[in-house]
Amino acid sequence: MSSSVFSVLSKFVAEYRRSTPAKLKVVDAYLLYILLTGALQFFYCVLVGTFPFNSFLSGFISCVGAFVLGVCLRIQINPQNKSEFLSLSPERAFADFLFAHAILHLVVVNFIG
Amino acid sequence: MDGLTDSGHGHFNTKHKWRTEFSGCNYVVKNDTVANHMRVVSLSSFLLRFNYRSTHHLTSNGFYEFLNWFDERAWYPLGRIVGGTVYPGLMVTAGLIHYVLNLLHMTVHIRDVCVFLAPIFSGLTAISTFLLTRELWNQGAGLLAACFIAIVPGYISRSVAGSFDNEGIAIFALQFTYYLWVKSVKTGSVFWTIGCCLSYFYMVSAWGGYVFIINLIPLHVFVLLLMQRYSRRVYIAYSTFYIVGLVLSMQIPFVGFQPIRTSEHMAAAGVFALLQAYAFLQYLKDRLTKQEFQTLFFLGVSLAAGVVFLTVIYLTYTGKFSLSLMRYLCPPPRYAKIHIPIIASVSEHQPTTWVSFFFDLHILVCTFPAGLWFCIKNINDERVFVALYAISAVYFAGVMVRLMLTLTPVVCMLSAIAFSSVFEHYLGDDQKKDSPPTEDSSDEDDKRNSGNLIVTMLMLMLLMMFAVHCTWVTSNAYSSPSVVLASYNHDGSRNILDDFREAYYWLRQNTDEHARVMSWWDYGYQIAGMANRTTLVDNNTWNNSHIALVGKAMSSNESAAYQIMQSLDVDYVLIIFGGVIGYSGDDINKFLWMVRIAEGEHPKDIRESDYFTPQGEFRVDKAGSPTLLNCLMYKMSYYRFGEMQLDFRTPPGFDRTRNAEIGNKDIKFKHLEEAFTSEHWLVRIYKVKNEGSSRTSSFLRKARS
């Protein structure tokens with residue numbers, strides 16, 4: 001069972017390396033970084049405690065939000081999904097990404113306290 | 001600083017319209033064993049006073065002062081943290097409009113802004129309903145929906161000029177948020193989703209009903225998943241909406257950390273997690289073969305289940321997870337009546353009758369199922385949304401009269417869809433072009449034409465009757481001022497009863513500025529706003545024990561009540577008495593609720609059964625229970641009433657509201673004295689005599705002033 005899982009995973013990683021365009025790999029690296037940051041914040045909170053709660057929440061939500069927006073960007077610029085997003089050019093997707101981040105960070109900064 | 005002076009009021013009432021509290025749909029006859037004419041209290045019209053007072057505070061003192069406002073003149077001696085217990089959207093909107101207009105040198109008084117805010121926003125609601133229906137169906141249906149919501153009585157009740165209440169702007173925010181949500185699901189663009197989040201933020205600041213949005217949208221996504229209608233657009237729309245909406249909603253002080261703590265918000269979080277897992281699995285599925293996917297799927301599912309299980313155990317163990325009463329979403333009436341009398345006593349929390357449905361919606365309530373059926377027959381992502389909206393709104397409107405308001409927009413939209421489909425079918429003449437012109441078919445053509453014509457005429461007649469009904473309802477039920485009562489004489493002329501304002505003005509002019517007035521909580525905001533005196537309890541009803549204490553004072557005999565009043569530093573007591581003019585919303589009719597609420601906190605001292613006769617009747621005449629005939633409320637209502645003969649046909653002391661001659665005519669007070677009774681005996685104010693022992697309280701009062 002574990003060997004088959006391992007073989008599946010290695011096959012998946014090899015195929016991913018081969019078939020994903022460079023642009024998407026950059027986005028994926030960014031997503032991985034955000035994920036690690038979020039996990040780090042969460043473990044810090046578990047270790048040290050939740051005071052002040054609003055600061056922890058704003059930091060954690062900022063990570064989750066950035067992750068989600070990154071995933072949305074990746075979906076929208078993926079050439080395989082072009083049929084679903086006919087009216088959305090990659091430039092428009094990136095502009096939306098920037099706009100969403102501006103709003104998200106404004107609120108996060110207000111909430112950090 | 002200009003308060004609400006009497007001259008201002010005259011100006012107010014001649015030009016502007018207020019909502020009435022006497023329309024049939026605001027009162028509910030309770031079928032108790034008690035009495036068939038028992039009435040309960042209407043909540044909303046008193047809230048306007050508080051909203052205006054807060055907005056005035058905002059414009060005079062600035063935004064941060066408003067957010068940090070601690071009101072010492074309410075809920076004496078506790079005070080009230082207004083900034084943290086109010087939805088600021090309404091006040092901030094009015095304040096902002098006032099600020100912008102004054103910046104442009106159009107000097108508008110804040111009172112005028114407050115009065116006209118609701119009609120402006122109802123216009124914006126009509127526009128957003130048009131946009132939403134156009135997304136759902138087509139432009140024709142959109143126009144019809146906008147016209148319907150512009151005149152429908154269910155919404156008019158909250159949007160007449162002078163109705164300065166949260167719902168006026170909240171329904172606009174609701175419709176606009178839903179429009180932006182439908183748009184973001186259709187396009188899958190993050191821009192529309194962020195717009196939806198900002199509109200949701202406005203809704204959270206405006207009304208507690210935002211919980212409806214944060215449960216309906218996840219429900220929509222969940223049903224789409226179940227219907228195998230998952231698409232990447234849905235993922236983008238919901239994930240972005242949830243996260244950005246979450247952090248935005250926590251910016252309102254009153255909401256605070258509720259979105260991640262209470263059970264009302266857990267559905268949204270659950271669907272978010274589910275969607276992430278589902279999307280990831282879809283991504284893997286696209287790239288792997290079936291067998292490989294199955295092995296990973298099994299591993300993933302068991303891992304996820306384990307994590308969820310451990311998290312739930314941990315949270316329950318540490319007590320962080322609270323299953324709060326979903327009071328406003330799903331109040332089981334029987335539970336509320338027994339355990340939370342305050343919520344059960346408000347007339348707007350009673351179950352809705354068929355009369356209310358028809359009164360507020362007329363023919364729309366009959367055509368709206370047809371529209372729902374059309375939507376379900378031609379299903380797509382956004383029509384699933386409106387179907388869920390309709391079903392949940394119908395359920396909630398059936399539970400509480402107050403929630404008729406959330407049903408009204410969706411009924412307008414679906415009826416518009418029904419009418420639009422019918423008109424399209426019967427007004428279009430494509431059929432004639434296809435069939436070749438022969439002798440027989442010309443007859444058929446004529447029959448078909450006349451058939452079309454008849455149906456169209458019928459539909460138009462229905463719409464005209466609807467318009468007539470709406471106009472009639474608006475002019476009769478929702479256009480009279482609620483503070484000033486009007487009655488009609490035998491010859492049809494109107495008789496104005498201005499007792500409330502007369503009494504509040506007397507309080508304002510003839511009492512000490514730091515005097516404390518005890519009354520039932522319905523009148524708290526009005527006393528604070530119009531008489532400008534400190535109150536003990538008001539319509540915010542946040543402290544049940546304090547209200548129970550006031551209720552106990554009203555239900556006990558005079559000596560016990562005097563002790564309570566001394567401990568609370570009460571100077572004046574204000575009651576409403578309708579026995580002279582037959583006004584049914586007075587304090588004796590509300591008295592049993594006072595007893596019930598007091599009994600909830602002090603079951604040893606107050607028992608509801610003591611106030612009934614041995615046969616179980618609530619009577620104010622000689623056969624009434626002695627506890628009732630000697631309690632403070634009874635004595636205050638009927639003091640000197642035994643000498644008053646209203647009519648030569650009835651004996652002296654005949655109570656017109658209860659239709660009975662009162663039992664205890666010889667009332668004397670030991671600790672109170674009558675201070676003021678208004679012209680038609682509607683409002684009666686008593687002064688609490690200060691005897692020696694209260695030297696400390698008067699000392700404190702001097703120190704405070």
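Take the residues of segment B:657-701 that are among the basic types (Lys, Arg) and at pLDDT 85 or above: which is least open to solvent (accessible area, probe 1.4 Å)?
B:ARG684
Considering only segment B:543-586, state which residues are outside any helix (DSSP H, G or I) and either outside the structural domain of B:GLY600 (by TED's automatic domain parsing) or within 15 Å of B:ASP522 (Cβ to Cβ) (or both).
B:VAL573, B:LEU574, B:ILE575, B:ILE576, B:PHE577, B:GLY578, B:TYR583, B:SER584, B:GLY585, B:ASP586
Criterion first (modelled with pLDDT under 95, out of contact with any helix residue (DSSP H, G or I) (no Cβ under 8 Å at 6 or more places or on another chain) and not charged (D, E, K, R)) does A:PHE53 satisfy it?
Yes.
At pLDDT below 90, open to solvent by less than 50 Å² (accessible area, probe 1.4 Å) and at the interface with another protein chain (Cβ under 7 Å from one of its Cβ atoms), is that true of A:PHE85?
yes
Of the residues in segment B:233-255, how many are over 23 Å from B:LYS186 (Cα atoms) and more than 9 Å from chain A (Cβ to nearest Cβ)?
5
Can you find even one residue in segment B:607-624 that is outside any helix (DSSP H, G or I), touching a helix residue (DSSP H, G or I) at 6+ places or on another chain (Cβ under 6 Å), of a type in the set (Gly, Ala, Ser) and modelled with pLDDT under 90?
The answer is no, given that none of the residues of segment B:607-624 is outside any helix (DSSP H, G or I), touching a helix residue (DSSP H, G or I) at 6+ places or on another chain (Cβ under 6 Å), of a type in the set (Gly, Ala, Ser) and modelled with pLDDT under 90.
B:LEU132 fails exactly one of the following numbered conditions: (1) more than 14 Å from chain A (Cβ to nearest Cβ); (2) modelled with pLDDT of 90 or more; (3) open to solvent by less than 20 Å² (accessible area, probe 1.4 Å); (4) farther than 30 Å from A:ASN81 by Cβ. What is the number of that condition?
So B:LEU132 meets the others, but not (4).
Name every residue in segment B:481-506 that is under 20 Å from B:LEU48 (Cα atoms), in contact with a Phe, Trp or Tyr (Cβ under 7 Å, 6 or more places away or on another chain) and modelled with pLDDT of 70 or more, in order of residue number.
Selection gives B:ALA503 alone.
Could you give me the residue pairs with C-beta distances under 6 Å whose first residue belongs to segment B:526-544 and is farther than 21 Å from B:MET594 by Cα and free of Cβ contacts under 8 Å to residues at least 40 places away in the same chain, whose second residue is aliphatic (A, V, I, L, M) and buried (at least 18 other Cβ atoms within 10 Å of the Cβ) wherever it lies, and which are 6+ apart or on separate chains?
B:ALA531/B:LEU507
Taking segment B:590-612 only, how many residues are open to solvent by less than 10 Å² (accessible area, probe 1.4 Å) and either free of Cβ contacts under 8 Å to residues at least 24 places away in the same chain or under 12 Å from B:LYS552 (Cβ atoms) (or both)?
Qualifying residue count, segment B:590-612: 5.
Only one residue in B:LEU274, B:LEU296, B:LEU281 is assigned by TED's automatic domain parsing to the domain that holds B:LEU224, without any contact (Cβ under 8 Å) to a residue 24 or more places away in the chain and either hydroxyl-bearing (Ser, Thr, Tyr) or open to solvent by 40 Å² or more (accessible area, probe 1.4 Å) (or both). Which one?
B:LEU281
Select from segment B:636-658 the residues that are in contact (Cβ under 8 Å) with a residue 24 or more places away in the chain and assigned to a loop (DSSP other than H, G, I, E, B) and write down the one among them that is nearest to the chain's Cα centre (by Cα).
Here the answer is B:THR657.
For B:PHE309, which of the numbered conditions (1) open to solvent by 50 Å² or more (accessible area, probe 1.4 Å); (2) among the aromatic types (Phe, Trp, Tyr); (3) within 13 Å of chain A (Cβ to nearest Cβ) fails to hold?
(3)
Just to be sure, is A:TYR16 within 8 Å of chain B (Cβ to nearest Cβ), in a helix (DSSP H, G or I) and at pLDDT below 95?
yes
State which residue is surrounded by the most Cβ atoms within 10 Å (Cβ to Cβ) when the search covers only segment A:19-49 and only residues that are among the polar types (S, T, N, Q) and within 11 Å of chain B (Cβ to nearest Cβ).
Here the answer is A:THR20.
Among residues belonging to segment B:509-534 that are hydrophobic (A, V, I, L, M, F, W, C) and not in a helix (DSSP H, G or I), point out the one that is surrounded by the fewest Cβ atoms within 10 Å (Cβ to Cβ).
Only one residue tops the list, namely B:ALA515.
Within segment B:618-638, is there a residue that is on the phi > 0 side of the Ramachandran plot and surrounded by 13 or more Cβ atoms within 10 Å (Cβ to Cβ)?
For segment B:618-638, residues on the phi > 0 side of the Ramachandran plot and surrounded by 13 or more Cβ atoms within 10 Å (Cβ to Cβ): absent.
Results for (1) open to solvent by 60 Å² or more (accessible area, probe 1.4 Å); (2) at the interface with another protein chain (Cβ under 10 Å from one of its Cβ atoms), shown as yes or no for each residue.
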{"position": "A:SER58", "(1), (2)": "no, yes"}
{"position": "A:ILE77", "(1), (2)": "no, no"}
{"position": "A:ALA93", "(1), (2)": "no, yes"}
{"position": "A:ASP96", "(1), (2)": "no, yes"}
{"position": "A:ALA100", "(1), (2)": "no, yes"}
{"position": "A:ILE112", "(1), (2)": "yes, no"}
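For B:THR59, indicate whether it is without any contact (Cβ under 8 Å) to a residue 60 or more places away in the chain, part of a helix (DSSP H, G or I) and of a type in the set (Val, Ile, Thr).
Yes.
Being closer than 20 Å to B:GLY188 by Cβ, open to solvent by less than 40 Å² (accessible area, probe 1.4 Å) and either outside any helix (DSSP H, G or I) or facing chain B (nearest Cβ under 8 Å) (or both): is that true of A:VAL107 here?
For A:VAL107, the condition - closer than 20 Å to B:GLY188 by Cβ, open to solvent by less than 40 Å² (accessible area, probe 1.4 Å) and either outside any helix (DSSP H, G or I) or facing chain B (nearest Cβ under 8 Å) (or both) - is not met.
The values are calculated or read from the model by the stated rules, or taken from the named source; none is laboratory data. All values reported here derive from a predicted model rather than from experimental measurement. All Cβ positions, even for glycine, are placed from backbone atoms using ideal geometry, and neighbour counts span all protein chains on display. Areas reflect the complete protein model, heavy atoms only, side chains present, ligands, DNA and RNA absent. Shrake-Rupley method; radii C 1.70, N 1.55, O 1.52, S 1.80 Å.
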